[in-house]
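One structure below.
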Ligand code: NAD
């Protein structure tokens, strides 16, 4: 018991010192110039390029993610994110003029972005590079110092990020802290200016509570049960093709994948037939490097526990030793089934049929607000209803997950699926404070606001706005 307390004290002290040193460095103003930010981003990109093969190997060792899939879903999007940041940082940093009302004549008004200070980024395991380094890039382009705590579950991936960053950057500017709950808990006791967390809603609440202690600005990127709705009269073949790839890529361990499918009863049989054809065409097999392992045995057992063998339409097979669950479709699923009680985060697709759109929307709204939602329909009035009536963080119409690949689309959740937005320009905004400024010359004063009020004076003030 004594040792535990001592360890805790030591960890707290270490984290305190780290944060204090970063704050001292931030206060030297070294990170403020565009030039500094660009140089550091270029350095990071160069390091990622130099270590590309090591990064592929590390994630392959962790959960058999192939080089191709790592390039597609993690590595190239990271390089793109850096390029966008470098290209736009000067523009984003500019003072933005806004109109000045007549009451403040003769003045000008503008908005000044400034970095928040010392950031903490906590990553999740399922896209370990992307979910750690994309927010890190946002923190850098906005001019902050950063402590990154990647997920501890993909061990080698976490280690290679540590090697790249801690081996090459000043720890007072960027530092990776590896570890699990004890390290994160010690970090969360410190005063940060920004905490960016990706993970489950349950841990999101822990992070938010810790942030409240210091009134720290927080972004939470969480999860939920993301619906995909298939209506009659859509191009079903293309819709199923797009959704099935998105559903099973990364073995369904993807926060914005379609968690379940709501399918109109008249097209359900065709949907199921097409879904099986697509799974087979995709060849989701680990031997051919087209599939990944479930991250660990705990998650393997959890996902397998959600499969009701009586409701399996396709698949339902698995290999615990290899940590593989083959793509599985469940049909005749009801909202009471285990698979509908939590975010699946694995390669299992429950299919629920509906009769009316109202019924489908009601089902979606019976869950917490999801991170993502998808509609497959060619009917513009249905599209409009979907956008207007269903709250969700981000989504797509006639596609699935691809919204994440466009840096011009803000990425984030709402309610139980999170708060705040990032990617591209939104990452800069996420890690910045925007100072609102009224800037006045001293040559002229209207005198309207000073004592000696009169009705006439108030009328003029009102008219000037
Ligand atoms: P998690 O919440 O278990 O862990 C996330 C991070 O929190 C890890 O770094 C972990 O070390 C740390 N952590 C875990 N328990 C903690 C505790 N008690 N105190 C302090 N820190 C703690 O999530 P996960 O299993 O890594 O990821 C899966 C979840 O993340 C899913 O819900 C998924 O939807 C969500 N997710 C969201 C996004 C997004 O962008 N919105 C992306 C990926 C995953």
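The values are calculated or read from the model by the stated rules, or taken from the named source; none is laboratory data. Worth saying up front: this structure is predicted, and the values here are computed from it rather than measured. Methodologically, a virtual Cβ is constructed for each residue, glycine included, from the backbone with ideal geometry; neighbour enumeration extends over all protein chains shown.
Of the candidates 353, 278, the single residue that is closer than 20 Å to residue 230 by Cβ and in a helix (DSSP H, G or I) is 278. Exactly one residue out of 386, 392 is surrounded by 13 or more Cβ atoms within 10 Å (Cβ to Cβ), at pLDDT 95 or above, over 20 Å from the mean Cα position of the chain (by Cα) and in the same structural domain as residue 343 (by TED's automatic domain parsing): that is 386.
Number of residues in region 113-142 that are part of a strand (DSSP E or B), touching a helix residue (DSSP H, G or I) at 6+ places or on another chain (Cβ under 7 Å) and more than 10 Å from the ligand (Cβ to nearest atom): the value is 4.
Conditions (1) away from the ligand (no atom under 16 Å from the Cβ); (2) under 12 Å from the mean Cα position of the chain (by Cα), marked per residue:
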{"site": "420", "(1), (2)": "no, yes"}
{"site": "424", "(1), (2)": "no, no"}
{"site": "433", "(1), (2)": "yes, no"}
{"site": "439", "(1), (2)": "yes, no"}
{"site": "444", "(1), (2)": "yes, no"}
{"site": "447", "(1), (2)": "yes, no"}
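Find the helices (runs of 4 or more DSSP H) located wholly in region 160-269 whose residues include 1 or more that are away from the ligand (no atom under 15 Å from the Cβ), and list them. Steps first, please.
Details: elements: 181-188, 201-213, 236-248.
Hits in region 160-269: 236-248.
Residue under question is residue 356, and the condition is that it be surrounded by fewer than 21 Cβ atoms within 10 Å (Cβ to Cβ) and out of contact with any helix residue (DSSP H, G or I) (no Cβ under 7 Å at 6 or more places or on another chain); does it hold? Quick ask: steps written out before the conclusion?
Working: surrounded by fewer than 21 Cβ atoms within 10 Å (Cβ to Cβ): yes; out of contact with any helix residue (DSSP H, G or I) (no Cβ under 7 Å at 6 or more places or on another chain): yes.
Taking the combined requirement at face value, the residue satisfies it.
Test of understanding: among 221, 213, which residue is modelled with pLDDT of 95 or more and under 28 Å from residue 29 (Cα atoms)?
After ruling out the rest, the residue left standing is 213.
Within region 312-334, can one find any residue that is part of a helix (DSSP H, G or I) and out of contact with any helix residue (DSSP H, G or I) (no Cβ under 7 Å at 6 or more places or on another chain)? No: zero hits. Residue 110 falls short on exactly one of the conditions (1) closer than 29 Å to residue 56 by Cα; (2) in contact (Cβ under 8 Å) with a residue 60 or more places away in the chain, and that condition is (1). Of all residues assigned to region 385-398, at least one qualifies as being farther than 21 Å from residue 240 by Cα, within 16 Å of the ligand (Cβ to nearest atom) and in contact with a strand residue (DSSP E or B) (Cβ under 8 Å, 6 or more places away or on another chain). Give the residue that is farthest from residue 168 (Cα to Cα), with candidates limited to residues of region 9-44 that are more than 28 Å from the chain's Cα centre (by Cα) and without any contact (Cβ under 8 Å) to a residue 24 or more places away in the chain. Ranking the qualifying residues of region 9-44, first place goes to 9.
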